[in-house]
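The values are calculated or read from the model by the stated rules, or taken from the named source; none is laboratory data. Here the structure is a predicted model, which is why all the values come from computation and not from measurement. Cβ coordinates were reconstructed from backbone atoms using ideal geometry, including for glycine residues, and neighbour counts include every protein chain displayed. Just the protein is used for accessible areas: all its heavy atoms, side chains included, with ligands, DNA and RNA removed. Shrake-Rupley method; radii C 1.70, N 1.55, O 1.52, S 1.80 Å.
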Amino acid sequence: MTPRTRRRVGLAAVLALVALALWLNWPAKAPQGPSSAARAAADAEPKVAEPPPPAAPGTEVVAIEPLPPENAPLAGVIAPLAARADAGDRKAACRLAMELLRCEQLEDYASIMTAPSDPPKDEDAATGKQRSAVQDYMARERTWILERLEQCEAVPAALLSEGPRYLEQAALAGEPEAMVRYAEGHHWPPSGRGMMVGQDFDRWRRNAPGMMQRALERGYPGSAFLLMIAYKDDFGFHAALVPNDPYQSMVMNLLHARLYGSRGMTGLYRDMDAASQARATREAEAMHLRYFQGRTFSGYPYPFPAYAQPLTGQATHDFCRDP
């Protein structure tokens, strides 16, 4: 992949994320259950550990040690997180994975974003304004990357490449955000170089199907939008594993709209008859109540890649915290 192509890949990813956030205008098992394809994929996947049941009234509950603050200096949190992760703490494994992946992937991502660009062509005022906005965003991102890379110098070299292993560990242990990130391929380099070769890819292809659905059923709102995309088309690695199902895509679209208070994208489903639309609305409402107790959420509609700076108005990524 040439430097020019790699830069285009990275820039397209950033622009897609920003445009999606603006487009959505976010303030941002149901009675019939998932489709037969989703159930079959889930049955074929290795079993993921179930979360512990709630304690009975009067039973003493042992407090789980909270994760370090998101802005805590990396030098002070890596070793404690590694010790907790190696002892089986799935949230610590998730947080450690994302910190390590960010450090490992920033170099790759930075090389994409700083590659020489094509000379600008004649452009009108609107296009020039858009270009200026993109350049401002990229300038802020370069500063953010340099700040993160400075902190990453505290990570032991032997641990730096272990991010994918810890993310897979957390996902297989049933941590919802880790399941979503692993299914989406967040453990692969931003350039995509070498990702489809070897046992890691084969294992992901076996393990990823069904993870997004189970994360949804555990009340993780960041899975609804990705399931909507997966059922609609094959845009993304996880989406390519899920058979298209327009009805289920509409259900997830309506559920996402309830979860994030957005208007949804019902225009994508104009071919759906009125009866199916009404049934999808009831199913989305049932899922909202069953899995999310009717709650609404704010922020980005799914986990943001670790190597990209948080969007304007979002101070941190808040890796692996309960929504």
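Simple spin-label estimate for GLU285 and ALA240 gives 3.9 nm between the two label positions (7 Å along the Cα-to-Cβ direction from each Cα).
For segment 219-298, what class follows from the C-alpha gyration tensor (a ≥ b ≥ c being the square roots of its eigenvalues): rounded when a/c is under 1.5, otherwise prolate if a/b is larger than b/c, else oblate?
Numbers: a/c = 1.77, a/b = 1.14, b/c = 1.56.
Oblate shape, in that a/c is at least 1.5 and b/c is the bigger or equal ratio.
In debye, nearest 20: dipole of segment 219-298 around its Cα centre with unit charges on the Cβ of K, R (+) and D, E (-)? Don't jump to the answer; show the numbers that get you there.
Numbers: 8 positive and 7 negative charges, 72 e Å.
The dipole magnitude comes to about 340 debye.
For segment 120-202, the list of GluC sites (Glu not before Pro) that fall in a loop by DSSP and count at most 10 other C-beta atoms within 10 angstrom reads GLU153. Shown in residue order for segment 294-308 are the 3J(HN,Hα) couplings computed by the Karplus curve 6.51 cos²θ - 1.76 cosθ + 1.60 at θ = phi - 60°: x, 5, 10, 10, 10, x, 5, x, 7, x, 6, x, 5, 7, 9 Hz (x for Gly and Pro).
Provide the FRET efficiency to the nearest 0.05 for the ASP322-ARG263 pair, computing r from the beta carbons and using R0 = 22 Å. Don't skip to the end; give the middle numbers.
Working: r = 27 Å, r/R0 = 1.21.
Efficiency, from the Cβ-Cβ distance: 0.25.
When the accessible area of segment 219-298 is split by element with a 1.4 Å probe, what percent falls to carbon and sulfur?
On the way: 1910 of 3650 Å².
Using a 1.4 Å probe with all protein chains present, segment 219-298 comes out at 52 percent carbon and sulfur.
Here each label is just a point 7 Å from Cα along the line to Cβ, and for LEU149 and VAL197 those points are 2.5 nm apart. How high is the relative contact order of segment 199-316, given as a whole-number percent (alpha carbon pairs under 8 Å, six or more residues apart)? After rounding, I find 23 percent. Residues in segment 219-298 average 46 Å² of solvent-accessible surface per residue, probe 1.4 Å, ligands and nucleic acids excluded.
Simple rule: put +1 on each Lys or Arg Cβ and -1 on each Asp or Glu Cβ in segment 219-298, find the dipole, and look at TYR291, MET272, ASN244; the Cα lying farthest toward the positive end is TYR291.
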